[in-house]
Amino acid sequence: MIMTRARATPIGSTATPAAHRSRSRPRQRLRASRVFWLLALPGLVYFLVFHYGALFGNVLAFMDYVPFLGISGSEWVGLAHFERMFTDPDFWNAVGNTLFIAVLQLVFFFPAPLALALLLHSIVGDTVRKFVQSVVYLPHFLSWVIVLALFQQMLGGAGVVNGWLTGLGANPLSIIGNPDVYGPLVVAQLVWKECGWATIIFLAALSQVDEQQYEAAALDGASWGRRLWHVTLPAIRPVIVLLLVLRLGEFLSIGFEQFFLQRQSVGPETGEVLETFVYFTAFTGGDFGYAAAVGLFKGVIGIALIYTANKVAHRLGEQGVYKA
């Protein structure tokens, strides 16, 4: 008979070997993944300093902040900046312009990457698909300065399009610098620059759709449109809802550089958005407290929108960004 001896446990100790192993496992996993943590450290520091650390700057919204006096020496004004904000016509002009462009972006830009991803997914040849993907990804890596220069060369008063129309004896078009078409123009610029890059997530979701479902639908006589509506879109609906919720959270954050570079060409009445309004109020007017109040207002509205959109996603049976 083989006898085994039980390991003695010290008197007064309630710990077991299994408990010791369970406590040491997190340390072992951390030690084993230390290289990955070191690689992630710069990104973590960036978000801690420039995103979470910057939240403390919202205290300026309640102060008459003077940079030379600092936070401790500046006067506390309470809600005075918010009272001024709700009676400021320039602020409401920026809000109106921002809402108008944000709605255009949501209606025309948000579905564009999905449509492009469906088109790329339908291409059979891998060589052609990779080539088209490389071409549509390229504008994302161009700065807004280059993108706007290209649009100026194409649609400006002396651009290629007007040169071609003049050659045909037609009247030239007034597009660049025209306040009446400024909204659709900036959305078209955004679609051209970012549509290809935004397809990456949709293409990843489409690659997870079971091909057997397409084959079964085709055997049942379903057309391409039927397969799209009953197979493809239901399969990637969670991704669509997730991206829509995130987009609504940034509804009022429509960009800065693109509008900053074109603001003077159409005038502040049309080209002023909340991002440029905050910038010029703070760094041109020197009113840092009022600019901080506008920025805090925009952030609160964004939180309310993402919370509401997430609730709607849960009501529709989707997971959303976080669990309620």
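Where a number appears in this text, it was derived from the coordinates with a stated rule and is not lab data. Because the structure is a prediction, the values reported are computed rather than measured. Cβ: placed from backbone, ideal geometry, glycine included. Neighbour counts: every protein chain shown.
Place a point 7 Å from the Cα of residue 314 along the Cα-to-Cβ direction; which residues of segment 217-240 have their backbone N under 20 Å from it?
238-240
Rank 225, 255, 289 by mean-square fluctuation in a GNM of the chain with C-alpha springs under 10 angstrom and give only the top-ranked residue.
With Cα springs under 10 Å in the chain, the top fluctuation among 225, 255, 289 is at 225.
Which of these, 238, 89, 26, has the largest mean-square fluctuation under a Gaussian network model of the chain (Cα springs below 10 Å)?
Taking springs between Cα atoms under 10 Å, the residue moving most is 26.
If the only charges are +1 at each Lys and Arg Cβ and -1 at each Asp and Glu Cβ, what is the size of the charge dipole of segment 91-315 around the Cα centre, to the nearest 20 debye?
Taking the Cα centre of segment 91-315 as origin, the dipole is about 280 debye.
If the reach is capped at under 28 angstrom between alpha carbons, list the lysines near residue 130, excluding any in the same chain fewer than eight residues apart.
Cross-link targets: 193.
Sequence gap at least 6, Cα distance under 8 Å: using those rules, report the relative contact order of the chain to the nearest whole percent.
Once divided by the residue count of the chain, the mean separation gives 23 percent.
Would you mind working out the magnitude of the charge dipole of segment 247-324 relative to its Cα centre, with +1 at each Lys and Arg C-beta and -1 at each Asp and Glu C-beta, to the nearest 20 Debye?
440 debye
Based only on the alpha carbon positions, what is the Kirkwood hydrodynamic radius of the chain, in angstrom?
The Cα-based Kirkwood calculation yields 24.9 Å.
Go ahead and collect, in residue order, the members of segment 113-156 whose backbone nitrogen is under 12 Å from a label point 7 Å along the Cα-Cβ direction of residue 215.
The answer is none.
Given the Cα-Cα distance of residue 35 and residue 47 and 0.36 nm per residue of separation, how much length would full extension add, in nm?
2.4 nm
To the nearest 0.05, how large is the calculated FRET efficiency for residue 64 and residue 301 if R₀ is 22 Å and r is the Cβ-Cβ distance?
0.40
For every helix of n ≥ 4 consecutive DSSP H residues, a contribution of -39,500 (n - 2.57) applies; sum these over the chain, divide by its total residues, and give [θ] at 222 nm rounded to the nearest 500 deg cm²/dmol.
The helix-only estimate for the chain comes to -19500 deg cm²/dmol at 222 nm.
Taking residue 311 as the anchor, which lysines have their alpha carbon closer than 23 Å to its alpha carbon, excluding any fewer than eight residues away along the same chain?
298, 323
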